[in-house]
Amino acid sequence: MNIITSNFKKGQVHLRVTDSDDLWYLSHIIEPGDLVKGKTTRKMKIGDSDNAKVTKKTITLKIEAETIDTGAGATTLRINGKIKEGPEDIPKDSYHSISLEDGSDVWIEKPQWLSYQKQKLKEASEKKFTYLMCIFDREEAIFALTQKQGYEILVKITGDVPKKSKTNTITKDFHQEIIKALETYAGRYQPESIIVASTAFYKDDLYKKITNKDLKKKIVLAICSSVSERALDEVFRRPELAKTLEHSRAREEQLIVEELLAEIDKENLAVYGWDDVFKAGNAGAIKSLIVTDNFIQQKKEDKKYTELDTQMKHVDTLKGTIHIISSNLESGKKVDGIGGIAAILRYKI
């Protein structure tokens with residue numbers, strides 16, 4: 001995302017969408033009541049009624065947002081609301097939508113920009129650090145690419161399992177298949193680092209067989225307990241990868257959720273579920289508010305987003321931090337499993 005101009009005193013920013021990740025951020029920045037300006041299309045009839053032709057004309061509108069929806073494939077973000085500014089021939093307060101995609105310019109105006117919303121803008125505008133991950137054992141391998149809000153599974157491959165008498169070996173072809181995939185994805189995505197993790201000693205054997213020097217110097221080895229999406233989250237938390245993944249938002253989210261779960265296990269400085277979080281928020285006790293995007297979407301669908309928004313603003317005013325976690329991540333699924341919203345407290349209540 002490019003921040004073209006910003007004037008938070010007036011509540012105004014001008015942004016340019018540069019990749020689909022930006023749409024995820026904007027879906028949590030734009031709220032009902034915000035003024036959003038952008039280009040859209042309108043069907044127009046040209047000619048008399050008997051010979052009229054319908055054509056599409058590009059226009060610029062400013063609307064007051066009412067609903068914000070992610071399109072199919074998460075490649076568009078659709079904001080619908082009443083028109084506040086536009087061409088003279090379009091009636092004000094009639095409904096229209098603005099769709100954002102890669103390359104779109106958008107102007108957003110809010111009564112107040114909260115700290116976490118400014119932080120989301122900052123995150124989206126920072127350099128996108130990409131990491132390629134491969135976790136494998138003697139039977140299968142998973143390749144994933146980190147994104148700003150998590151990771152994308154690229155492919156899962158399966159090797160020929162040796163006979164029981166050779167259970168601690170990997171076939172030569174499977175090693176070469178993994179190396180070939182690493183070379184392909186490294187060339188396609190140009191990752192900052194490549195994390196190769198395995199159970200047992202398989203990673204070391206694989207590393208010795210890599211002859212591509214450019215590929216080899218990007219690789220960081222790690223340990224995982226299994227080959228699964230859950231293991232990807234495990235690798236994110238490995239202490240030996242702290243330096244390598246210092247720019248990974250997914251790692252930050254993993255760690256904050258781990259801290260939350262540790263406090264819950266100790267029955268100490270944590271609450272979860274809407275009712276208990278609401279009480280803790282009203283008491284001013286929340287240090288870190290953790291909420292999933294699924295929970296936010298459900299509140300919007302239930303027409304109860306205002307109460308969540310009010311609570312988030314209250315936490316922000318009291319200098320608490322707000323973490324919006326993707327429900328596609330294992331950490332997000334864990335938070336969804338305890339109600340979709342939780343908090344780490346400043347003090348026990």
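The values are calculated or read from the model by the stated rules, or taken from the named source; none is laboratory data. Keep in mind that what you see is a predicted model, and the values were worked out from it rather than measured. So basically every Cβ, Gly included, is an ideal-geometry build from the backbone, and we count neighbours across all protein chains shown.
If I go through segment 335-345 residue by residue, how many of them are crowded, with 21+ Cβ neighbours inside 10 Å and either of a type in the set (S, T, N, Q) or closer than 25 Å to LEU23 by Cβ (or both)? Let's see the steps before the verdict.
Residues of segment 335-345 that are crowded, with 21+ Cβ neighbours inside 10 Å, as a first pass: 335, 340-344.
Narrowing the set further to residues that are either of a type in the set (S, T, N, Q) or closer than 25 Å to LEU23 by Cβ (or both) leaves 335, 340-341.
Qualifying residue count for the region: 3.
Output yes when any residue across segment 266-276 is modelled with pLDDT under 85, buried (at least 18 other Cβ atoms within 10 Å of the Cβ) and small (Gly, Ala, Ser), and no when none is.
Just the residues of segment 266-276 that are modelled with pLDDT under 85, to begin with: none.
No, because not a single residue in segment 266-276 is modelled with pLDDT under 85, buried (at least 18 other Cβ atoms within 10 Å of the Cβ) and small (Gly, Ala, Ser).
Tell me the residue from ILE157, ILE135 that is in contact with an Asp or Glu (Cβ under 7 Å, 6 or more places away or on another chain), outside any helix (DSSP H, G or I) and at pLDDT 90 or above, please.
Working: ILE135 fails: in contact with an Asp or Glu (Cβ under 7 Å, 6 or more places away or on another chain).
Sole residue among the options that is in contact with an Asp or Glu (Cβ under 7 Å, 6 or more places away or on another chain), outside any helix (DSSP H, G or I) and at pLDDT 90 or above: ILE157.
Scan segment 231-253 and give yes if some residue there is within 22 Å of LYS299 (Cβ to Cβ) and part of a helix (DSSP H, G or I), otherwise no. Can you show your working first?
Of segment 231-253, the ones within 22 Å of LYS299 (Cβ to Cβ) are 253.
Next, only the ones that are part of a helix (DSSP H, G or I) stay: 253.
Yes: segment 231-253 contains one or more residues that are within 22 Å of LYS299 (Cβ to Cβ) and part of a helix (DSSP H, G or I).
Quick check, is ILE290 at pLDDT 95 or above, of a type in the set (Val, Ile, Thr), buried (at least 19 other Cβ atoms within 10 Å of the Cβ) and not assigned by TED's automatic domain parsing to the domain that holds LYS120?
Working: at pLDDT 95 or above: yes; of a type in the set (Val, Ile, Thr): yes; buried (at least 19 other Cβ atoms within 10 Å of the Cβ): yes; not assigned by TED's automatic domain parsing to the domain that holds LYS120: yes.
The answer is yes for ILE290.
Go through (1) crowded, with 19+ Cβ neighbours inside 10 Å; (2) under 19 Å from LEU260 (Cα atoms); (3) touching a Leu at 6+ places or on another chain (Cβ under 6 Å); (4) not polar (S, T, N, Q) one by one and return the number of the condition GLY284 breaks.
Of (1) crowded, with 19+ Cβ neighbours inside 10 Å; (2) under 19 Å from LEU260 (Cα atoms); (3) touching a Leu at 6+ places or on another chain (Cβ under 6 Å); (4) not polar (S, T, N, Q), only one is false for GLY284: (1).
So in segment 242-264, with the set limited to residues that are among the hydrophobic types (A, V, I, L, M, F, W, C) and in contact with a strand residue (DSSP E or B) (Cβ under 6 Å, 6 or more places away or on another chain), which one is modelled with the lowest pLDDT? Break it down stepwise before answering.
Within segment 242-264, the subset among the hydrophobic types (A, V, I, L, M, F, W, C) is 242, 245, 250, 255-257, 260-262, 264.
Next, from what is left, pick out any that are in contact with a strand residue (DSSP E or B) (Cβ under 6 Å, 6 or more places away or on another chain): 250, 256, 260, 264.
Values: ALA250: 74, ILE256: 92, LEU260: 96, ILE264: 94.
It comes out as ALA250.
Quick one: is LYS43 exposed (fewer than 15 other Cβ atoms within 10 Å of the Cβ) and either part of a strand (DSSP E or B) or touching a His at 6+ places or on another chain (Cβ under 6 Å) (or both)? Outline the logic, then answer.
Numbers: exposed (fewer than 15 other Cβ atoms within 10 Å of the Cβ): yes; either part of a strand (DSSP E or B) or touching a His at 6+ places or on another chain (Cβ under 6 Å) (or both): yes.
Yes: the conditions hold for LYS43.
I'm trying to understand the selection: among the residues of segment 7-27, which are in a strand (DSSP E or B) and within 11 Å of SER125 (Cβ to Cβ)?
To start, the set of residues in segment 7-27 that are in a strand (DSSP E or B) comprises 7, 12-16.
Passing the criteria: VAL13, LEU15, ARG16.
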